[in-house]
2 protein chains.
Amino acid sequence: MTNTHQIAFQGERGAFSEAATVAFFGEQVEPVPCKDFETVFEMVTSGQVNQGVLPIENSLGGSIHRNYDLLLRNEQLYIIGEVQIPIAHQLLALPGVSLADVTTVYSHPQALAQCEHSITKRLPHVTKRIPTYDTAGSAKIIKEQQIKNGAGLASARAAQIYDMNILMTDMQDDSENYTRFVVVGPEPIIPTGEAKTSIVFSVKNVAGVLFKTLAVFALRDIDLTKLESRPLQGKRWQYFFYLDFMGSQYEERCQNALNHLQEITTYFRILGSYPRGV
Amino acid sequence: MTNTHQIAFQGERGAFSEAATVAFFGEQVEPVPCKDFETVFEMVTSGQVNQGVLPIENSLGGSIHRNYDLLLRNEQLYIIGEVQIPIAHQLLALPGVSLADVTTVYSHPQALAQCEHSITKRLPHVTKRIPTYDTAGSAKIIKEQQIKNGAGLASARAAQIYDMNILMTDMQDDSENYTRFVVVGPEPIIPTGEAKTSIVFSVKNVAGVLFKTLAVFALRDIDLTKLESRPLQGKRWQYFFYLDFMGSQYEERCQNALNHLQEITTYFRILGSYPRGV
């Protein structure tokens, strides 16, 4: 590891995960692109980078379940922060290319879907959409192959990195398109100020058990911000629950709640307490 | 519509959804293959078929969120039944092809992943995996293109339909691989015997509201079997909740619970009451 603070993220340079990395850490860190989420976890676990930034939930698409599963599997890592950024898709093209030249739009299938109405309405010359593996990847392809009749849908950051022009801004059909990211590291932190805590647990499959679980928090006026279930492998129709609540595991009220919760769980782990993202 | 009872499902003939259709209705119905989930919903809504069968949850992969979203959107349809079947991947090849001839395995990427360990261990001659759009589609491709050095991973039903041989059974690495399907139709039913009810609702974003929601059921000893959240479009970090409970909406106890629930919901809909699947 160099002296620079290195942060692993999934995707090409200019991906929204890189934008989230910079939004959280600032420009002085070195974002390290990784081919998939597993690699981000491996890079942090092995100490090749300092921390990792992972998308956990999108306001339109819902939870990114793969990362919930990987948080469970990577027991040595802790959530140390969260950050949310707007997913604003810009229409990027090579310098010299104008709107009238663009007949093909390239991007990740989800980005193409999120901009479908805009493409039809605002880009009457476009007759073709080509799916790519990544939003920033669409910019990279256009740059490398010097495609003159195409444009990509990607972040404003991708325009900077690949030295391309933004022909049209905010192509997303729904403006309430946000992604929430978690920052993971090898050491837990003790947050100051307004904090959140993420936990994962499983419970016995008995009547009313989820109600009892939530009572642990409700009886102490602890506010929940998220409850997600994922299948427990090898146990048909049983689940792990991922729960986020307002407060830190180092506050007595929350400690009491977590002790109470462990009276009814069969598996229990604190993923981390961290400052609430804004 | 013909006189035969027609049931829409997603996938090629021989797909696991077709096996689920037959497991629920018996062999006398006519399964109608559809290219995607949306088409299944459309076929039922427009009356082109009698009912539809849709996967809703897999014991390894979790909920099929797309179908939860489509249940919400298709307000004219009701859940009238459920069925779960084991997902057993068989190795299918053309007649005359033996295990020693097989160097390539074709199937849906998820099926290839679910059988990866088995392929490596039990099929030493295999050097190549080719992803296809569908498990049964892999059998169809091998049949149509008369591929002699390849085998597909698909259901036993696909072997019958495409007249292929099963070279090896139960290729899935994890035997607890089950998928639960719901049956949807244009009219609700009144179930007799042990029943389940599925509902969808949203609540005000206030402290303890999910606890109050579950109290509605816990205070009446109504057992929950599933709770799933999906994003509420246009409202950042707010959710629809999909909840299954034991009992029928026509039982007084459950009616009271549902009336009580509507005191705290901002949106509420009963997807259906139906006999519990075995």
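A:ARG13 - would you say it is within 14 Å of another protein chain (Cβ to nearest Cβ), among the basic types (Lys, Arg) and in contact with a helix residue (DSSP H, G or I) (Cβ under 8 Å, 6 or more places away or on another chain)? Judged against the criteria, A:ARG13 is not a match.
If only residues of the stretch B:227-245 that are over 20 Å from A:ASP223 (Cβ atoms), facing chain A (nearest Cβ under 8 Å) and within 27 Å of the chain's Cα centre (by Cα) are counted, the one that is modelled with the lowest pLDDT is B:GLN233. Within the stretch A:153-174, if we keep just the residues that are under 27 Å from A:HIS65 (Cβ atoms) and crowded, with 18+ Cβ neighbours inside 10 Å, the residue that is farthest from the other protein chains (Cβ to nearest Cβ) turns out to be A:ALA158.
Contact map, the stretch B:149-172: residues that are over 17 Å from B:HIS108 (Cβ atoms) paired with residues that are in a helix (DSSP H, G or I), Cβ distance under 6 Å, separation 6+ or inter-chain. Pairs shown: B:ASN149/B:ASP101; B:ILE166/B:ALA159; B:LEU167/B:LEU99.
Okay, residues lined up against (1) of a type in the set (Phe, Trp, Tyr); (2) over 24 Å from B:MET246 (Cβ atoms); (3) out of contact with any His (no Cβ under 8 Å at 6 or more places or on another chain):
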site: A:PRO186; (1), (2), (3): no, yes, yes
site: A:LYS212; (1), (2), (3): no, no, yes
site: A:ARG230; (1), (2), (3): no, no, no
site: A:PHE245; (1), (2), (3): yes, yes, yes
site: A:GLN249; (1), (2), (3): no, yes, yes
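Checked against (1) within 12 Å of chain A (Cβ to nearest Cβ); (2) at pLDDT 95 or above; (3) under 21 Å from the mean Cα position of the chain (by Cα), B:ILE222 passes all but condition (3).
Of the residues making up the stretch A:183-198, those that are closer than 17 Å to A:GLY277 by Cα and not polar (S, T, N, Q) are A:VAL183, A:VAL184, A:GLY185, A:PRO188, A:ILE189, A:ILE190, A:PRO191, A:GLY193, A:GLU194, A:ALA195, A:LYS196. Scan the stretch A:204-219 for residues that are touching a Leu at 6+ places or on another chain (Cβ under 7 Å) and either closer than 12 Å to A:HIS260 by Cβ or more than 7 Å from every other protein chain (Cβ to nearest Cβ) (or both) and the total you get is 4.
Of all residues assigned to the stretch A:227-240, none qualifies as being of a type outside the set (Gly, Ala, Ser), farther than 28 Å from B:THR179 by Cα and touching an Asp or Glu at 6+ places or on another chain (Cβ under 7 Å). One residue stands out in the stretch A:175-214 among those that are in a strand (DSSP E or B) and among the charged types (D, E, K, R): the one that is surrounded by the fewest Cβ atoms within 10 Å (Cβ to Cβ), namely A:ARG180.
Filtered by the rule that a residue be out of contact with any helix residue (DSSP H, G or I) (no Cβ under 7 Å at 6 or more places or on another chain) and closer than 16 Å to B:THR192 by Cα, the stretch B:242-254 gives B:MET246, B:TYR250, B:GLU251, B:GLU252, B:ARG253, B:CYS254.
Per-residue answers, yes or no, for (1) over 21 Å from the mean Cα position of the chain (by Cα); (2) at pLDDT 95 or above:
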{"site": "B:TYR133", "(1), (2)": "no, no"}
{"site": "B:SER138", "(1), (2)": "no, yes"}
{"site": "B:GLU144", "(1), (2)": "yes, yes"}
{"site": "B:ILE147", "(1), (2)": "yes, yes"}
{"site": "B:ALA154", "(1), (2)": "no, yes"}
{"site": "B:ALA158", "(1), (2)": "no, yes"}
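Residue-wise test of (1) closer than 29 Å to A:ARG230 by Cα; (2) in contact with a strand residue (DSSP E or B) (Cβ under 8 Å, 6 or more places away or on another chain); (3) assigned by TED's automatic domain parsing to the domain that holds B:LEU60.
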{"residue": "B:ILE147", "(1), (2), (3)": "no, yes, no"}
{"residue": "B:ARG157", "(1), (2), (3)": "no, no, no"}
{"residue": "B:TYR162", "(1), (2), (3)": "no, yes, no"}
{"residue": "B:VAL206", "(1), (2), (3)": "yes, no, no"}
{"residue": "B:LEU214", "(1), (2), (3)": "yes, yes, no"}
{"residue": "B:PRO231", "(1), (2), (3)": "yes, yes, no"}
{"residue": "B:SER248", "(1), (2), (3)": "yes, yes, no"}
{"residue": "B:LEU258", "(1), (2), (3)": "yes, yes, no"}
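Would you check if B:GLU18 is touching a residue at least 24 places away in the same chain (Cβ under 8 Å), farther than 25 Å from B:LYS226 by Cα and crowded, with 17+ Cβ neighbours inside 10 Å? No; evaluated as a whole, the condition is false for this residue.
Scanning the stretch B:184-199 for residues that are in contact with a Lys or Arg (Cβ under 7 Å, 6 or more places away or on another chain) and either of a type in the set (Asp, Glu) or within 14 Å of chain A (Cβ to nearest Cβ) (or both) returns B:GLU194, B:LYS196.
This table checks each residue for (1) in the same structural domain as B:ALA159 (by TED's automatic domain parsing); (2) at pLDDT below 95.
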| site | (1), (2) |
| --- | --- |
| B:MET43 | no, no |
| B:SER46 | no, no |
| B:ASN50 | no, no |
| B:LEU54 | no, no |
| B:SER63 | no, yes |
| B:ILE80 | no, no |
| B:ASP101 | yes, no |
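If I ask for residues that are surrounded by fewer than 20 Cβ atoms within 10 Å (Cβ to Cβ) and of a type in the set (D, E, K, R), which ones from the stretch B:215-229 would you list? Of everything in the stretch B:215-229, those that are surrounded by fewer than 20 Cβ atoms within 10 Å (Cβ to Cβ) and of a type in the set (D, E, K, R) turn out to be B:ARG220, B:ASP221, B:ASP223, B:LYS226.
Considering only the stretch A:115-147, state which residues are assigned to a loop (DSSP other than H, G, I, E, B) and of a type in the set (A, V, I, L, M). Listed by number, the residues that qualify are A:LEU123, A:VAL126, A:ILE147.
A:THR103 meets each of the listed conditions (1) within 14 Å of another protein chain (Cβ to nearest Cβ); (2) surrounded by fewer than 23 Cβ atoms within 10 Å (Cβ to Cβ); (3) in contact with a Ser or Thr (Cβ under 7 Å, 6 or more places away or on another chain) apart from (1). Number of residues in the stretch A:51-95 that are surrounded by 20 or more Cβ atoms within 10 Å (Cβ to Cβ), assigned to a loop (DSSP other than H, G, I, E, B), away from chain B (no Cβ under 14 Å) and of a type outside the set (A, V, I, L, M, F, W, C): the value is 1.
Restricting attention to the stretch A:46-79, the residues being among the polar types (S, T, N, Q) and closer than 22 Å to A:PRO191 by Cβ number 5.
Selection over the stretch A:120-144 of residues that are over 22 Å from A:GLY11 (Cβ atoms) and surrounded by 15 or more Cβ atoms within 10 Å (Cβ to Cβ) gives a count of 2.
The values are calculated or read from the model by the stated rules, or taken from the named source; none is laboratory data. Model, not experiment: these values are computed from the prediction. Positions of Cβ are backbone-derived with ideal geometry, glycine not excepted, and every protein chain shown enters the neighbour counts.
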